[in-house]
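Below is one structure; the comments refer to it alone.
All of the numbers you see were taken from the coordinates with simple rules; none came from a lab. Quick caveat, the model's predicted, so the values are computed rather than measured. As a convention, Cβ positions derive from the backbone with ideal geometry for all residues, glycine included, and neighbour counts pool all protein chains shown.
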Amino acid sequence: MKNHSRRNFIKNAAVSAAGISLASSFAAGNNLEAFAKTKNKVLPYPRPEKDAISLALFSLNRSFRVGIWNLMDIARICREDFNIDGIEYVTLYFPDVRDSYLRELNKRANDYEVRNVLIMVDREGDMAHKDKKERMQSAINHRKWVEIAAYLGCHAIRCNSTGVGNSVEEDPDALERAAESFNALLEYAKEFQINIIIENHGAGLASNAEWLAALAKKINNPNFGLLPDYGNFGHQEAEKTYESVRLTMLYAMGVSVKGTWLPNGTHPRFDLEECLRISKEIGYKGFWGIESSIRHQPSIDDQLSPLQIMNEEWKAVRWTMAAIRKVILS
């Protein structure tokens, strides 16, 4: 998009305030105008020279809902509670994206020496919708998060492609549709030096390793890749999970280390350490993103205090972090 078009996009965007959903509003203010004028001073995201751990904020989703933390607390939590080096943001947790708020987020990250790694984008439309107007509008909707990611110094935004069928036979055109909208977004993201990555997030083809690998091959862009989530392939057999990890990690620009724990500390559906070993053997190096939870009946939260919920989530993060440190960082 030409500069004057982007300025018009920013100028016409709605101003977000606390309590207003960012899915339908976007605070421009002077933040992205200023960034647009200085974008050439932003350095490309450096691939880490060594492996490090990042925290996907959905790991703390339950404690967020009960008011334990807000986004300004995250850099401190990463450093002081977990000694983790990176933050993987989620759009749903942003109460504001005006210049003052983003600038303070960057300050907090710098103060605690934590890297802003990526932004997981939700509720911005369907990148593979069968209606071309809908899917191309989704690509436009993601542009604001490209600019915010650049402003925060992230290397990527994570997108979804949920509007695909359960099989190639059921939805043979899904690959073409997704490639069209992602290519449009990649073109916009190029001047901001932001990578576009897609997670296996959703049912059917959206979590199918072969389809995701085929999409990466079809797009064939160095700024497009996958964010494999170990727990989202949906296989009941552990060996099928390992096969999907092997395939998708070939195109990985990040990894979601999904620790789905039982309250007793066991991880029954697949061996988390085996997934990590496979990823390491394939040659992935960079941030290993913790996305963890403790699985029990949903109604149990009604019986727990906010502090008990926090303690459960913090425990799950530490269990997942221990597996990463054992296999990757030892």
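Figures for the structure shown
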{"item": "√(5λ) per eigenvalue of the Cα gyration tensor, segment 50-329, largest first, Å", "result": "28, 24, 18"}
{"item": "Low-density loop positions, GluC sites (Glu not before Pro), segment 155-259 - DSSP coil, at most 12 other Cβ in 10 Å", "result": "Glu169, Glu170, Glu237"}
{"item": "Cα-Cα over 29 Å, subset of Lys107/Lys326; Lys240/Lys285; Lys107/Lys285; Lys217/Lys285", "result": "Lys107/Lys326"}
